[in-house]
1. Of all residues in the range 49-89, which are over 30 Å from K197 (Cβ atoms), at pLDDT 90 or above and part of a loop (DSSP other than H, G, I, E, B)?
2. How about the range 90-140: which of its residues are surrounded by 15 or more Cβ atoms within 10 Å (Cβ to Cβ), touching a Pro at 6+ places or on another chain (Cβ under 8 Å) and not in a helix (DSSP H, G or I)?
3. If you scan the range 141-158, which residues turn out to be surrounded by fewer than 18 Cβ atoms within 10 Å (Cβ to Cβ) and out of contact with any Gly (no Cβ under 7 Å at 6 or more places or on another chain)?
4. So which residues in the range 170-203 are in contact (Cβ under 8 Å) with a residue 40 or more places away in the chain, in a strand (DSSP E or B) and aliphatic (A, V, I, L, M), if there are any at all?
Amino acid sequence: MQIDIENFSDLSKVIDMFSDDFFWNPIWKDSKAISEFDKYINLIEESKGWERNRNHEKGKVLEDFAVFLFERFLDSKVSKNRRPADNETDVEVILSEKERPTFMTDYMAPRMICECKNKKSSTIDVGMVAKLYELLGYRGSKFGVFISLNGISGYGWRFGEGKRKKILLRYEVPLISFKVDELRKLRNEGNFYSMIKEKVHRLFDEADDEMPDFPNHDHRELPDRLNEMVEHFKKFNLIEESEECKIRERITVRYGLPSVEED
């Protein structure tokens, strides 16, 4: 298929057609990267048993892992422990100025700030969420990422989870969060950039969600709730089996797979 490119708008459309693998180099396609990935994961696991006097070292382990992930973005520049005006950032990512898809330009560029929390017994609280938002302003960024062991505290509109939704609605600044366990799958499949897009879509749509909710005694991700609604529609014969499959597929494409319940 021949595509005529006459202006930048045409070029942008072509770039948006590329696979996410073009913009973030998958780990599972590179044996050397798999080896390095395993090294970081093993060290993170080992660090859970370290004494408190090694807390600074524990933090560095997770930061190095984050640098490894972000450096796989095409032509990115990644640094850590920057201290501009004493507002220290764990990891700062400047994305390529050459070829960028629309999503990356709209949400992630020109730079991302990542905060890492390697604590096995605590979550990211309201204060940490507020601090990351403030850091973005200091560094001329509009996109923040947490990488931690236990994720953000709370659910719905409560605690850290509620704080980041309020920040999104008031300032249009997305803050997303990854647990280390979520990132493990990158060893064998998937793409980190794709996961980021799924997280952003979930955050925006959860914050704008006015649908009747299920009892929020726990924190279920939007894909889980949507899939459960599909199950109800099917149960009461409101949709056919073919419609059910198509809806579930759309949910997965936009938000990723539902969470897996732990035994």
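1. G49, W50, E51
2. I94, L95, R139
3. As a first pass, look at the range 141-158 and keep what is surrounded by fewer than 18 Cβ atoms within 10 Å (Cβ to Cβ): 150, 155-158.
Within the range 141-158, N150, Y155, W157, R158 qualify.
4. Hit for the range 170-203 is L175, nothing else.
The values are calculated or read from the model by the stated rules, or taken from the named source; none is laboratory data. Here the structure is a predicted model, which means the values were calculated and not measured. As a convention, Cβ positions derive from the backbone with ideal geometry for all residues, glycine included, and neighbour counts pool all protein chains shown.
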